[in-house]
């Protein structure tokens, strides 16, 4: 995957513009709860540069003989010293912090690694697309051809132990998930698959969904916003290890699903669907996360490295490991994931 140099000067300038009154003291806080708006809904603040000294050292090192402009070790990112939680509104943050913990008895359910489409599934997909809006609104079969590997799911299941379960390939279908009667038995739900929050073409309606394998009957290989919202889960944490799962869609996505009240437009994507289904905190990504250098698997697996951590502390610790590796020190590899909910809640128990 092609990665461009990161604009550290713009990152530093944005930090100063956003936080000028508290810019000097903010990095000293262990846990920052941030409520974004506008363009900041699409930008994790953990990649903002908090001082000039580390920026100067980076420039000197990167321009020296043998220097590497992709080696960002030593940069004083806001996310290096602070844990960060994204709140969608003060009332929502208050409510999730006051909510009871999950009463589920099983620790972990991992779902992902969809099966690529066969000729039968492609034909069914084209038929369904023709009925719902024409061939131009069909997702390309190539979307199903690049499943996210399930390694991170099995690693987490092994770490969290007895009662954990992993569902992949032919068993990982939208119809099977809708029919699961034990979803509320798991404290952590983890999806390792692609998220679709935009539309296949500009004139098509956006229908946020998670990619799944094709099942029988009315299965279309997509777990849609409405289908997710209607699930009944009891999860302290939902992990969406997928492309752009923190992205918003449009108000039409929620209206189409029959949701007519509550929430901010930032939640009109997959995050809101899982919160509506009963998830307390969601870990989602701001952009397509890479497989290069095993970065995403390392980041997600690192969440479960220690017992007793809060979600925000575990994510920061895992991100630090990538920040301090020259191959993954670029924010592209470690910055995408955002905690929406309460990062101070314990990750597992």
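Where a number appears in this text, it was derived from the coordinates with a stated rule and is not lab data. Worth saying up front: this structure is predicted, and the values here are computed from it rather than measured. Cβ coordinates were reconstructed from backbone atoms using ideal geometry, including for glycine residues, and neighbour counts include every protein chain displayed.
A few points about this structure:
- Sorted peptide list for 87-94, 221-228, criterion being average Cβ within 10 angstrom, highest first: 221-228, 87-94
- Per-residue packing, averaged as other Cβ atoms within 10 Å, sorts the ranges 307-314, 188-195 into the order 188-195, 307-314, beginning with the highest.
- Whole-Å semi-axes of the ellipsoid equivalent to the chain (Cα gyration tensor, √5λ, descending): 33, 23, 20
- FRET efficiency, 1/(1 + (r/R0)^6) with R0 30 Å, evaluated for residue 149 and residue 62 via beta carbons: 0.40
- Considering only 30, 165, 65, the mean-square fluctuation computed in a Gaussian network model of the chain, springs between alpha carbons under 10 angstrom, is largest for 65.
- Relative packing of peptides 317-327, 15-25 - highest average C-beta neighbours within 10 Å first: 317-327, 15-25
- Spacing of the modelled spin labels on residue 34 and residue 70, each 7 Å from Cα toward Cβ, amounts to 2.5 nm.
- GNM top mover of 38, 302, 161 - the chain, alpha-carbon springs below 10 Å: 38
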